[in-house]
Amino acid sequence: MVPRIINTKQFSDNRGLFIKHFNATNFAELIGFEFHIKECFYSVSKKNVIRGMHFQKNESACNKIIFLTSGSVLDVCVNIDKLSVDYGRVYDFRLKCNNQAIFIPKNFAHGFLALEDNTSMIYLQDVEYNKDNDSGILYNSINFNWNIVNPILSERDLLFNSI
């Protein structure tokens, strides 16, 4: 299983726009199993912020569905399963505030670069966050060119080890 874009239902009329970002039945058909939401997070980022590369390890490894409510991002996922033939493979997506979501399976570290101020993202996870299993890898240690000179990162994200 690999990260991928999922097109969600979008409706518009003279009032504006309505997007159904998550439907359990539709997602089960698309990803091949039932996705049960256990936790939801929301972030707002300034332009040039990189958040990541984050993951939960051990029994806390989780599948994620992410989508934007404003702004745009360069979204990046890297395979961290050392037993996989695709270990270290990077997947990247440009995501805007529209009817697209990204499904990120277990065993992938996730991060993104905010391309606009006030970029807001919602993360749906199928396992609850566990501080003891929280981990990450240094964003610039993966085989990916973020195409930014001075990104804004948290101290925590800068202290992660290389892949």
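The values are calculated or read from the model by the stated rules, or taken from the named source; none is laboratory data. None of the values given here were measured: they were computed from a predicted structure. Glycine also receives a Cβ, built like all others from the backbone with ideal geometry; neighbour counts cover every protein chain displayed.
Look at Val78 and say whether it is closer than 21 Å to Ser162 by Cβ and over 15 Å from the mean Cα position of the chain (by Cα).
no
Considering only residues that are touching a Cys at 6+ places or on another chain (Cβ under 9 Å) and over 29 Å from Glu59 (Cβ atoms), which ones fall in region 117-144?
Residues satisfying the conditions are Thr119, Ser120.
Give me the pairs, please: first residue somewhere in region 35-46 and at pLDDT below 95, second residue anywhere and part of a strand (DSSP E or B) and surrounded by 14 or more Cβ atoms within 10 Å (Cβ to Cβ), beta-carbon distance under 7 Å, and either six or more positions apart or on two chains.
Once the first residue is at pLDDT below 95 and sits in region 35-46, its partners that are part of a strand (DSSP E or B) and surrounded by 14 or more Cβ atoms within 10 Å (Cβ to Cβ) give Phe35/Ile65.
Of all residues in region 18-34 being among the aliphatic types (A, V, I, L, M) and either touching a residue at least 40 places away in the same chain (Cβ under 8 Å) or in contact with a strand residue (DSSP E or B) (Cβ under 7 Å, 6 or more places away or on another chain) (or both), which is nearest to Tyr91 (Cα to Cα)?
The qualifying residue nearest to Tyr91 (Cα to Cα) is Ile31.
Taking the criterion of being exposed (fewer than 13 other Cβ atoms within 10 Å of the Cβ), modelled with pLDDT under 95 and not hydrophobic (A, V, I, L, M, F, W, C), would at least one residue in region 123-143 satisfy it?
Within region 123-143 (the criterion being exposed (fewer than 13 other Cβ atoms within 10 Å of the Cβ), modelled with pLDDT under 95 and not hydrophobic (A, V, I, L, M, F, W, C)), the answer is yes, since at least one residue qualifies.
Yes or no: region 65-83 includes at least one residue that is assigned to a strand (DSSP E or B), acidic (Asp, Glu) and buried (at least 17 other Cβ atoms within 10 Å of the Cβ).
Yes - at least one qualifying residue is present in region 65-83.
For region 1-27: of the residues being outside any strand (DSSP E or B) and within 23 Å of Asp81 (Cα to Cα), which is modelled with the highest pLDDT?
In this case the residue turns out to be Pro3.
In region 109-136, which residues are under 15 Å from the mean Cα position of the chain (by Cα) and part of a loop (DSSP other than H, G, I, E, B)?
Selection gives Leu115, Asp126, Val127, Tyr129.
Out of the residues in region 85-107 that are modelled with pLDDT of 95 or more and not in a strand (DSSP E or B), which is farthest from Phe22 (Cα to Cα)?
Among residues in region 85-107 that are modelled with pLDDT of 95 or more and not in a strand (DSSP E or B), the one farthest from Phe22 (Cα to Cα) is Val85.
Before we move on, is Leu30 modelled with pLDDT under 95 and assigned to a helix (DSSP H, G or I)?
Yes.
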